[in-house]
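*Asks:* One structure coming up, written as structure tokens, with questions to follow.
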């Protein structure tokens, strides 16, 4: 994978092999499952990844945060799920290795990659940029996915600003 590159007519392109496409679909589907779980509970505080994806609007005021969440959580969650589905759908199917994204697809990818990185960072115990988080043997595959999602995000940003 060489990352994203500018395409024709304002589109962005990338080549993914079968393994990379499978990883993208799997990560997007896992994100969708996680977000679906959030709709079953009133507060995402029980899962650090959900707390990162759906943070409290008023961290110092639990009542105000709960009220804000009551009016915004379902819509925000559904938008995140729709973005993740769009990402998975754009790489699914056949032997097609090339992915071409229009402006709408680019936004779905950027948002989903950010959500994936937040989720993976939570699983690794990363709180701030530059931190490594867990480095034990079990965490190594998650570390690699975290770095790969960051690479994809960076190459996509470079492609749209080129």
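*Asks:* What is the packing order of peptides 54-61, 103-110, 73-80, taking the mean over residues of other C-beta atoms within 10 Å and listing the highest first?
*Replies:* 103-110, 73-80, 54-61
*Asks:* Can you tell me the FRET efficiency between residue 23 and residue 74 if r is taken as the Cβ-Cβ distance and R0 is 22 Å, rounded to the nearest 0.05? Let's see the in-between values first.
*Replies:* Details: r = 29 Å, r/R0 = 1.31.
In this case the efficiency is close to 0.15.
*Asks:* Using only C-alpha atoms and all pairs of different ones, pull out the Kirkwood radius for the chain in Å with one decimal.
*Replies:* After inverting the mean inverse Cα-Cα distance, the result is 16.7 Å.
*Asks:* What distance in nm separates the simple spin-label points at residue 97 and residue 30, each placed 7 Å from Cα in the Cβ direction?
*Replies:* 2.5
*Asks:* Hey, another quick one. Highest GNM mean-square fluctuation, the chain, Cα pairs closer than 10 Å: which of 131, 29, 15?
*Replies:* 131
*Asks:* While we're looking at this one, here's another question. Measuring from centroid to centroid over Cα atoms, what is the spacing of segment 101-143 and segment 52-80 in Å?
*Replies:* Centre-to-centre distance over Cα atoms comes out at 21 Å.
We did not get these values from a lab; they are worked out from the coordinates using the rules stated. It should be emphasised that the depicted structure is a prediction, and the values quoted were computed from it without experimental measurement. A quick note on method: Cβ atoms are made from the backbone with ideal geometry, for glycine too, and the neighbour counts reach across all protein chains shown.
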